[in-house]
1. I want to check the label-to-label distance for residue 292 and residue 13. Put each point 7 Å from Cα in the C-beta direction and report it in nm to one decimal.
2. Would you calculate, for the chain, the mean residue ellipticity at 222 nm contributed by helices, counting each DSSP H stretch of 4 or more residues as -39,500 (n - 2.57) and dividing by all residues, to the nearest 500?
3. Based on the Cβ-Cβ distance of residue 82 and residue 256, what FRET efficiency does E = 1/(1 + (r/R0)^6) give at R0 = 51 Å, to the nearest 0.05?
4. May I ask you to compute the full-extension gain from residue 30 to residue 71, defined as 0.36 nm times their residue separation minus their alpha-carbon distance, rounded to one decimal in nm?
5. Name the most mobile residue of 143, 225, 102, meaning the one with the largest mean-square fluctuation, in a Gaussian network model of the chain with Cα contacts below 10 Å.
6. Out of the DSSP beta bridges found with both residues in region 3-183, what percent are antiparallel (nearest 5)?
7. Taking other Cβ within 10 Å of each residue's Cβ, how do 219, 43 sort, fewest first?
8. Report the Rg/Rh value for region 207-325, based on alpha-carbon coordinates and the Kirkwood definition of Rh.
């Protein structure tokens, strides 16, 4: 059984969520003793091709040509759909990101197949039946399902699978697919494009500095941004912050935002609503800074600092700067 994985790029690098999806897809290919191939939009740099080979991808289809600089889910999914027919793939996998879900949804609509979202494990039940475990309710519940093949459309929970290279690396064969997306009709076009602040996707960040209602206003996020920059991370926020219009929804951590998997999450002025805790439950280490010692976020944290974040953060920033500068 062939498995096809849709891979997302961030510049020259494969995004972390896609490496997790490739790891999951490889486990399915091994279950059914079939090849693992991938498709991406844009030219892939040599090191990233080598990375995909190390993760077990035997062939990579890269779409190059005109019109690729603008995100177009309908046209991207059309190219993915063509690969499904060409390869006879019985499983199509993508990361459980906004783009991964949207591209899979277009493939599903074309082929009248449902998308099984947020999978964390897969196994062969029979030669034509796939067993899946997937997250529900923001990862607080795991559901076991069985799916009849052919053609399973699966997204992988961004915090549910650890990205691991294969036991034996492969020489990944790159196939260049020349397309002119600009000349192809589409009902959906991107109306406006804004660069992401900080340059690091929230789902991929190894350090996230979170801000909640306790930050106090849109103009008071400067220290959080400075700390995130020093630590090579990015800023995340609670739903209260986005509801107040202080920061964009793309930065929201939570069940209705992004589920993060950083090595370190610093939660500043965040009380810790249930949906927010669901979004950061896979963080390896949590440090919470709050004046309320009994806030749910403080009880969830590995380290809790009972202090006013506006007083504490400048001292922390200065300490980090001194440490990183070698003074």
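None of the figures in this text is laboratory data; all of them are computed from the coordinates on show. Bear in mind the structure is a predicted one, so any value in this text is a computation, not a measurement. Virtual Cβ from ideal backbone geometry, glycine too; neighbours counted across all protein chains shown.
1. 3.6
2. -9000 deg cm²/dmol
3. 0.90
4. Taking 0.36 nm per residue and subtracting the Cα distance, the gain is 11.6 nm.
5. Evaluated over the chain, the most mobile residue of the options is 143.
6. Within region 3-183, antiparallel bridges account for around 35 percent of the total.
7. Ordered from fewest to most neighbouring Cβ atoms within 10 Å, 219, 43 come out as 219, 43.
8. 0.93
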